[in-house]
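Below you'll find the structure, written out as structure tokens, and then a few comments.
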């Protein structure tokens, strides 16, 4: 069986892979994540996932299966990680009572070969019409920092979400069902 490498330092992606019993190593990529203005969100996550995966595939032995992902929140524009409390407030206020999309690009590369697959998963997230006070309390929790769109659906941020249309784990950061389908189709590998 090929060795699996997760090209991500995300604790959530690590946890999702562990949940399905995957045995893997983590090697992070240090590529500069460049987002060009006016690029479609699907294009951005595909490109970033590929760049991370390709970078790590050059660092490992031939035959390793490298899994890379990139997740973004999109509402009229790409919402990155908030710079400070005011930025988090502005993001959460813009999402309030609205629908936005979360995209995750997935790249799977077999090191030492030209075998690769890049895909994207989209989930629509419907937010509650929460108050300014709720936003301020959520920011005080500190959970908003380091999270694209300033919320974590797997944490306190779940209280801001009304419902989703699509894959929950995609919003967390790794749509494991789609990943397994790609691994099975293109690399003859299954978690179960």
Problem - Size-normalised alpha-carbon gyration radius of the stretch 40-136, reference 2.2 N^0.38 Å - result: 1.37
Handout entry: Cut-off 17 Å, label 7 Å out along Cα→Cβ of residue 35, residues of the stretch 170-192 by amide N
Key = 171-174
Completion exercise
Here the gain from full extension of residue 128 to residue 115, 0.36 nm per residue of separation minus their alpha-carbon distance, amounts to 0.4 nm
Completion exercise
At the level of C-alpha centres, the distance separating the stretch 133-163 and the stretch 82-127, in angstrom, is 15 Å
Problem - the chain: calculated mean residue ellipticity at 222 nm from DSSP helix runs of at least 4, using -39500 (n - 2.57) - result: -10000 deg cm²/dmol
Completion exercise
At R0 = 30 Å the Cβ-Cβ FRET efficiency linking residue 25 and residue 141, nearest 0.05, sits at 0.40
Handout entry: the chain - convex hull of alpha carbons, volume per residue in Å³
Key = 113 Å³
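Values quoted throughout were computed directly from the atomic coordinates according to the rules given, and no laboratory measurement underlies them. Please read all numbers here as calculations on a predicted model, not as lab measurements. Here Cβ is always computed from backbone atoms with ideal geometry, including for glycine, and neighbour counts include all displayed protein chains.
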